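The values are calculated or read from the model by the stated rules, or taken from the named source; none is laboratory data. None of the values given here were measured: they were computed from a predicted structure. Neighbour counts run over all protein chains shown; Cβ positions are idealised from the backbone, glycine included.
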Amino acid sequence: MRRTLFALAMLLAMSGVEARADDTARPELIAIQLAIRSHDETALATFAQRGLRVTDLGPSGPELVTLAARMGTPETLRLLHRMGGEVDREDAQGYTPLMRALEERRIDNALALKDLGARLDSVAEDGMSPAALAEIAGLSGFGEGPGRAAAPMPPDAANRLLLFASEFGDVEAVDQAIAQGAAADARAANGWSAVMLAALGGHAAIVERLARDIADPSRKARTAATEAGAMDAITAALVGEGGGDTGRVAATLRALQSSGVQGELTDDQRQRYRRIARNIGYDPRFIDAHFPGADPPRFLPVLEYDLPFGIASDGEGWREAQKVLRDTGLYRGAIDGTPGEETLAALLAYVAPLEKVLADRGEQAARRGTGGTREEKAGPGYGETVLIIGEVNGRLPVGYMRNKALDGFAGAFYYAYRFPGEDYVEAALIQTVDVTRVRRILRVPFLDRTLTVIREPDSTTLSIAETGTPSGPAPKEFHKLRIAQKNQPIQPSAAVP
């Protein structure tokens, strides 16, 4: 099976930026963060050879070691150490990079930090130590610090341990967290409950254990979904794929039902879960067993786009956008309604997959609409329209379209999706390719403005500007982020589900 959503999430994260609000824009900092996330050891080695020190990069520079401990490789940690990175620098919660590596179960990075001389006797504000975190991960040899029950935990720390243990399937740690006062319906920063994290990992026993501590049926139901409703425990179980074991997924789905966390499914819910399971790649027999019911007629699915649009671009509008980015795991900053570099980088990561989606589905819609497939034409907005340059922004019917622009550009295509509704709102992708150059422009609605991503061969630029018209003056820009990266043309897939 394909880990569709997780692979996508990791791909998006590689374009993210974690600069703090008080940092001056530093291209080197952004480039190093991208190199850590993408495991580009060659790029990082170049900075080390130039003699660059992490302390030269502003307040976020020394935090790069912690980022590498969570998301990098042993070699990136060694390179950062050569650049002056402190392996024992504590973060705001008193965690060292070694402790963050153990928390993420990055055993390779934990061992590398230990080899670099990281302390083994640190104790964080919540009482956790390298030895305690290693014990949770099933490891030894990380010191003799206080164990999991070394000291009473504050409620926040107990909740944090509960969420961590639920995700990784440590029943003993779950019991300890609850004994320390953790709430069985505690939530992570992105809105995920412990039940959802346990379902993601395929830990049926923990789902049942958590459900026993929640007597109120309405509270049980609330723990099964994020507050925004974008994710639920059943979807999490399907996405997690039981760590590659379908039997664990089946056991988790049964536990969600038998424990009362998930009630009786409606027909619409069964259809939704059938679609999700089919897209991930589950066997049809598994789908029929857990979500019985006939599939609806095949249509191209609606564009999955949760960023707010059609609302004011004020502080409240930006807070709504930051919440969406937080819930997708792309943004970890404050929900303050103030767009900084981290918010813009998360927006860039969020819209990146839309380029491929528009190209794939626009191509499929064109083939269906023109009889290029064996399937019957289905749904509105299927078809191919030949346009001349200057008309590529013409109105389209609701749905997906592929439009080929012919007047002077070799290989110029316009893929678009018009959102349903009375107002004319669309997401559009323009790509021009010849033997020497690729240029791709993605435009999507955002708040009461337009978010544009322009990809050149060696750079990507995101801007947020007034919504203009093709024949009008250049729209006013409000926010802009540019990063150096290699871009390639998008080739639409041969077949799209």
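A few notes on this one:
- Some residue of region 389-398 being assigned to a strand (DSSP E or B) and modelled with pLDDT of 60 or more: no
- Scanning region 204-237 for residues that are under 21 Å from residue 291 (Cβ atoms) and assigned to a loop (DSSP other than H, G, I, E, B), we see that the one that is modelled with the highest pLDDT is 231.
- Matching residues in region 160-179 - criterion: being over 23 Å from the mean Cα position of the chain (by Cα) and surrounded by 21 or more Cβ atoms within 10 Å (Cβ to Cβ): 170, 174, 177, 178
- Checking 253, 200, 265 one by one, the residue that is surrounded by 19 or more Cβ atoms within 10 Å (Cβ to Cβ), over 23 Å from residue 350 (Cα atoms) and at pLDDT 80 or above is 253 and no other.
- For region 456-497, a residue qualifies if it is more than 14 Å from residue 442 (Cα to Cα), among the aliphatic types (A, V, I, L, M) and modelled with pLDDT of 80 or more, and the qualifying residues are 481, 483, 484.
- Among residues of region 432-455 being assigned to a loop (DSSP other than H, G, I, E, B) and at pLDDT below 70, the one that is nearest to residue 319 (Cα to Cα) is 437.
- Residue count for region 155-185 under the criterion of being farther than 26 Å from residue 239 by Cα and among the charged types (D, E, K, R): the result is 1.
- Residues of region 293-314 that are at pLDDT 85 or above and farther than 16 Å from residue 417 by Cα: 308, 310, 311, 312, 313, 314.
- Of the residues 333, 371, the single one that is under 27 Å from residue 431 (Cα atoms), at pLDDT below 90 and not in a helix (DSSP H, G or I) is 371.
- Test: residue in region 151-160 that is in a helix (DSSP H, G or I), in the same structural domain as residue 235 (by TED's automatic domain parsing) and at pLDDT below 80: yes
- Some residue of region 263-283 being among the aromatic types (Phe, Trp, Tyr) and assigned by TED's automatic domain parsing to the domain that holds residue 243: yes
- Residue match in region 274-295 (condition: outside any loop (DSSP other than H, G, I, E, B) and among the aromatic types (Phe, Trp, Tyr)): yes
One line per residue, one yes/no per condition, for (1) surrounded by fewer than 21 Cβ atoms within 10 Å (Cβ to Cβ); (2) touching a Lys or Arg at 6+ places or on another chain (Cβ under 8 Å); (3) touching a residue at least 12 places away in the same chain (Cβ under 8 Å); (4) more than 29 Å from residue 197 (Cβ to Cβ):
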position: 283; (1), (2), (3), (4): yes, no, yes, no
position: 308; (1), (2), (3), (4): yes, no, yes, no
position: 327; (1), (2), (3), (4): yes, no, yes, no
position: 331; (1), (2), (3), (4): no, no, yes, no
position: 335; (1), (2), (3), (4): yes, yes, yes, no
position: 361; (1), (2), (3), (4): no, no, yes, yes
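Yes or no, residue by residue, for (1) touching a residue at least 40 places away in the same chain (Cβ under 8 Å); (2) over 14 Å from residue 32 (Cβ atoms); (3) touching a Leu at 6+ places or on another chain (Cβ under 7 Å):
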residue	(1), (2), (3)
66	no, no, no
74	no, yes, no
86	no, yes, no
113	yes, yes, yes
123	no, yes, no
127	no, yes, no
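- Lone qualifier among 102, 80 - being over 24 Å from the mean Cα position of the chain (by Cα), crowded, with 17+ Cβ neighbours inside 10 Å, part of a helix (DSSP H, G or I) and modelled with pLDDT of 85 or more: 80
- Conditions (1) aliphatic (A, V, I, L, M); (2) surrounded by fewer than 19 Cβ atoms within 10 Å (Cβ to Cβ); (3) farther than 15 Å from residue 451 by Cβ; (4) touching a strand residue (DSSP E or B) at 6+ places or on another chain (Cβ under 9 Å): number failed by residue 300: (2)
- Summed over region 310-319, residues that are surrounded by fewer than 17 Cβ atoms within 10 Å (Cβ to Cβ) and in a helix (DSSP H, G or I) total 3.
- Single condition residue 322 does not satisfy, out of (1) over 14 Å from the mean Cα position of the chain (by Cα); (2) closer than 21 Å to residue 231 by Cα; (3) without any contact (Cβ under 8 Å) to a residue 40 or more places away in the chain: (1)
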